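The values are calculated or read from the model by the stated rules, or taken from the named source; none is laboratory data. These figures come from a predicted structure and were not determined experimentally. Positions of Cβ are generated from backbone atoms using ideal geometry, with glycine treated the same way; all protein chains shown enter the neighbour counts. With ligands, DNA and RNA removed, areas are computed over all heavy atoms of the protein, side chains included. Shrake-Rupley method; radii C 1.70, N 1.55, O 1.52, S 1.80 Å.
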Amino acid sequence: MDTPAALLAAALRVLEDQGEARFSTRAVCALAKVTAPTLYHHFGSADGLLSAAMAEAFAQFLQGKQAATQSPDPVTALREGWDDYVRFAAARPRLYAAMMSRVLGGAHIPAAQQAYALLIHRVEAIAAQGRLAVAVEVAADLAWASANAASQLYVTATLRNAHPPAAATLESIRDGAFRVILSSNRRAAPRLLDPHGDEARPAAVPAHSCALAESEQPAGCEVERAARSPALGALTSPTQG
């Protein structure tokens, strides 16, 4: 392994063990068995090393998704991709948190953009079969947001003084999003997920002006409609761990 690769591997190890807040070039140099001037010669600064490490982490994430065996059924492939995403966060929660921090900070990371493009491609394959209930962009956003929400349960487990999420919790988040993405009848009354994962009765419509035809509803009813949506009902419903 050459020196830059050794430094990147050491930086990822420190991020996985300590998190970005406790990241130090001294720990990286000790792991890579190099001096600080060598690190700065290759990466310029600690932030330069961090940026390169984040790019490498996203590249590893993308390579894992590209190398995974993909089901010929696009819905199954999307579900498998969702599970792979969450497993990555479960296995490397501190690194995942650092990766998301970089994205939220506006960093330009080609591998991250390619991974999202792969998600779009999988959703488009579902749309091509007429099995998508919402626009491609909406479906991709729901899949991505729900996977990130599930992943945050691993990232914040220590903060919440909680155990890692139960399988039933993750499945409820995933399946709730997929019910919206793949619904065959968008006009059906929203159904709420009960604590045992079974569908309960249709949600009641409040007896006020938001029950009018959508074109006649006053401002603010979009919030009421969102509160009754299948996505929110499924994603916020309690589960039994």
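Note the full-extension length gain between residue 103 and residue 148 as 0.36 nm times their separation in residues minus their Cα-Cα distance, in nm to one decimal. Write down the numbers at each step before the final one.
Values: separation 45, 0.36 × 45 = 16.20 nm, distance 1.25 nm.
Length difference between fully extended and current span is 14.9 nm.
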Problem set entry | residue 175 accessible area, assembled protein chains, probe 1.4 Å, Å² | 50
Problem set entry | Gyration tensor (Cα) of segment 40-162, equivalent ellipsoid semi-axes in angstrom | 28, 18, 13
Problem set entry | FRET efficiency for residue 158 and residue 56, using Cβ-Cβ distance with R0 set to 25 Å, rounded to 0.05 | 0.50
Exercise. What FRET efficiency comes out for the pair residue 117/residue 13, r = Cβ-Cβ distance, R0 = 35 Å, nearest 0.05?
Worked result: 0.75
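Provide, as a two-decimal number, the C-alpha radius of gyration of segment 1-67 over 2.2 N^0.38 Å, N being how many residues it has. Display every interim value, and only then the final one.
Values: Rg = 11.7 Å, N = 67, 2.2 N^0.38 = 10.9 Å.
After normalising by residue count via 2.2 N^0.38 Å, the value is 1.07.
Please give the length that would be gained between residue 124 and residue 71 if that part of the chain were fully extended, namely 0.36 nm times their separation in residues minus their C-alpha to C-alpha distance (nm, one decimal).
On the way: separation 53, 0.36 × 53 = 19.08 nm, distance 1.49 nm.
Contour length minus the Cα-Cα distance gives 17.6 nm.
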Exercise. So how much accessible area does residue 85 have, in Å² to the nearest 10, using a 1.4 Å probe?
Worked result: 30
Seminar exercise, completed: Phi-derived 3J(HN,Hα) across segment 135-150 with the Karplus relation (6.51, -1.76, 1.60, θ = phi - 60°), rounded Hz, x for Gly and Pro, is 4, 4, 5, 5, 4, 5, 4, 5, 5, 5, 5, 5, 5, 5, 4, 5
Problem set entry | Distance from segment 88-152 to segment 24-74 (C-alpha centre basis), Å | 20
Exercise. In what sequence, largest accessible area first, do 65, 33 appear using a 1.4 Å probe?
Worked result: 33, 65
Problem set entry | Computed label-point distance, nm, for sites residue 63 and residue 84 using a 7 Å Cα→Cβ extension | 1.4
